[in-house]
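Asks: Mind having a look at this structure? Questions to follow.
The values are calculated or read from the model by the stated rules, or taken from the named source; none is laboratory data. These numbers were taken from a predicted model, which means no experiment stands behind them. Here the Cβ positions follow ideal geometry from the backbone for every residue, glycine too, while neighbour counts run over all protein chains shown.
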Amino acid sequence: MAILSPRRGRGTNADKPTHARGARRRALGADAVRARVEAVPDTARFLVVLDADSTLIRNEVIELLADEAGRGPEVAAATEAAMRGEVDFAASLRSRVHALAGVSTDAFARAIARIEPTPGVRELISAVRERGGAVGVVSGGFHEVLDVVAPDLGVDVWRANRLVAAEGVLTGEVEGPIVDATAKAETLRAWAEERGVPLHLTVAIGDGANDLEMMAVAGLGLAFNAKPAVRERADLVVGPVDLAQVVALLPR
Ligand SMILES: [Mg+2]
């Protein structure tokens with residue numbers, strides 16, 4: 001696949017301030033002043049926020065990691081139930097991450113090598129940026145993978161969960177609060193406010209039940225490659241698994 005260079009540091013998690021590509025960089029002399037200016041994202045005309053697993057990419061990363069523990073099918077079934085909205089997302093994630101205990105952190109590179117970006121994702125992201133918009137990704141998945149995938153695809157800002165590791169091995173725990181449905185919606189609101197984008201000029205795109213809150217908050221909530229419960233509650237359903245279909249719905 002086309003994911004190449006690990007570049008870190010632009011992503012965010014639950015307890016860190018947000019940063020963004022395109023932060024204004026000027027020759028300011030004092031480091032303190034430069035740091036303060038860089039923390040302010042550029043304004044944007046509109047904001048598109050995507051879910052990661054099965055939306056930005058075709059895969060569910062937790063399943064790729066669970067394969068390393070020989071527990072892929074079991075974790076895939078639990079993920080499917082969570083995405084259909086049949087179980088509490090945070091409790092389900094903690095239980096699925098527990099299945100990853102003992103997996104080497106080397107598994108991240110192998111998972112990244114198996115990731116397939118969703119067809120049309122690069123077309124969508126370049127169209128958003130050409131029109132002065134910003135692209136965010138908020139995920140119930142993991143920073144360890146998104147920190148490589150998101151910048152490669154041109155995403156401006158991202159947020160996900162972090163896995164706890166000790167001595168190069170996953171402990172089976174998630175660090176800090178879980179990025180669940182409510183956190184996804186709060187993140188969309190915060191990114192919009194930081195960029196001066198009114199909520200009616202935001203678009204949320206997702207496939208799972210944990211995307212419904214951010215889809216409800218956004219000006220336009222798009223079900224993409226989505227479960228029936230998500231399709232029923234979305235403003236619009238994008239049928240083909242092709243993110244380029246969304247370009248026609250963007251502000252001009
Ligand atoms: Mg998803």
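Per-residue answers, yes or no, for (1) more than 13 Å from the ligand (Cβ to nearest atom); (2) of a type outside the set (V, I, T); (3) within 14 Å of the chain's Cα centre (by Cα); (4) in a strand (DSSP E or B):
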| site | (1), (2), (3), (4) |
| --- | --- |
| A185 | yes, yes, yes, no |
| L188 | yes, yes, yes, no |
| W191 | yes, yes, yes, no |
| H200 | yes, yes, no, no |
| I205 | no, no, yes, yes |
| N210 | no, yes, yes, no |
| A226 | no, yes, no, no |
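Asks: Kindly list, by first and then second residue, each pair from a residue in the range 194-217 that is more than 16 Å from R131 (Cβ to Cβ) to a residue that is surrounded by fewer than 19 Cβ atoms within 10 Å (Cβ to Cβ) and β-branched (V, I, T), limited to pairs with Cβ atoms under 6 Å and residues at least 6 apart or on different chains.
Replies: Qualifying pairs under 6 Å: E213/T182.
Asks: Does L28 qualify as being surrounded by 18 or more Cβ atoms within 10 Å (Cβ to Cβ) and either modelled with pLDDT of 90 or more or farther than 19 Å from H143 by Cβ (or both)?
Replies: Taking the combined requirement at face value, the residue does not satisfy it.
Asks: Something else: Among the residues of the range 169-186, count how many are in contact (Cβ under 8 Å) with a residue 40 or more places away in the chain and buried (at least 18 other Cβ atoms within 10 Å of the Cβ). Spell out how you get there, then give the answer.
Replies: Keep residues of the range 169-186 that are in contact (Cβ under 8 Å) with a residue 40 or more places away in the chain, which gives 169-181, 183-184.
Those left that are additionally buried (at least 18 other Cβ atoms within 10 Å of the Cβ): 170, 172, 174, 178-181, 183-184.
Final tally of qualifying residues: 9.
Asks: Shifting gears a bit: Looking only at strands (runs of 3 or more DSSP E) that lie completely in the range 75-180, which have at least 1 residues being β-branched (V, I, T), closer than 24 Å to V203 by Cα and modelled with pLDDT of 95 or more?
Replies: Counting at least 1 such residues, we get 134-142, 157-166.
Asks: Can you tell me how many residues in the range 79-98 are buried (at least 20 other Cβ atoms within 10 Å of the Cβ) and either under 26 Å from V135 (Cα atoms) or touching a residue at least 24 places away in the same chain (Cβ under 8 Å) (or both)? Outline the logic, then answer.
Replies: So in the range 79-98, the residues buried (at least 20 other Cβ atoms within 10 Å of the Cβ) come out as 79, 82-83, 89-90, 92-93, 96-97.
In the following step, the residues that additionally are either under 26 Å from V135 (Cα atoms) or touching a residue at least 24 places away in the same chain (Cβ under 8 Å) (or both) were identified as 79, 82-83, 89-90, 93, 96-97.
So the answer is 8.
Asks: What number of residues in the range 99-126 are more than 22 Å from N225 (Cα to Cα) and of a type in the set (S, T, Y)?
Replies: 2
Asks: Go through (1) at pLDDT below 95; (2) surrounded by 14 or more Cβ atoms within 10 Å (Cβ to Cβ) one by one and return the number of the condition A2 breaks.
Replies: (2)
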